[in-house]
Amino acid sequence: MTSFLFDFLEDTLPEGPAREEIHELNEHNVLMLDLRDPSHSKIVDLIAEQFLSWVARNAADPEALSKGYGELVDLAQMQQGHNQAATGFRERLRP
């Protein structure tokens, strides 16, 4: 199931360091990623906003996967809110 998420990220991320990192992890079957890291905010946004629709278009049994991935999307949405709040806080601190 995790490989499916990494396939989504490889398909969806623009060319660049984040996509290369995901490709390397996927290729070597190291399917872990700390989404609390602020440098992964784009990945969090993609999971929160686009993953379930991608699953619906690309999975053989989207209903089964969507149910299982619903919790992941919920967690990504919570992290997305945290990232946005932290960004807003940093912007308010700027002179």
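The values are calculated or read from the model by the stated rules, or taken from the named source; none is laboratory data. Quick caveat: nothing in here was measured; it's all calculated off a predicted structure. Every residue, glycine among them, receives a Cβ derived from its backbone with ideal geometry; neighbour counts consider all protein chains shown.
Quick notes on this structure:
- Candidate set from the range 65-76 (those that are at pLDDT 80 or above and surrounded by 14 or more Cβ atoms within 10 Å (Cβ to Cβ)); member that is nearest to S41 (Cα to Cα): A76
- All helices (runs of 4 or more DSSP H) inside the range 1-64 with 2 or more residues being of a type in the set (S, T, Y), at pLDDT below 90 and surrounded by fewer than 16 Cβ atoms within 10 Å (Cβ to Cβ): 2-12
- Checking each residue in the range 1-59 for being polar (S, T, N, Q) and either over 14 Å from L75 (Cβ atoms) or in contact (Cβ under 8 Å) with a residue 40 or more places away in the chain (or both) picks out S3, T12, N26, N29, S39, S41, Q50, S53, N58.
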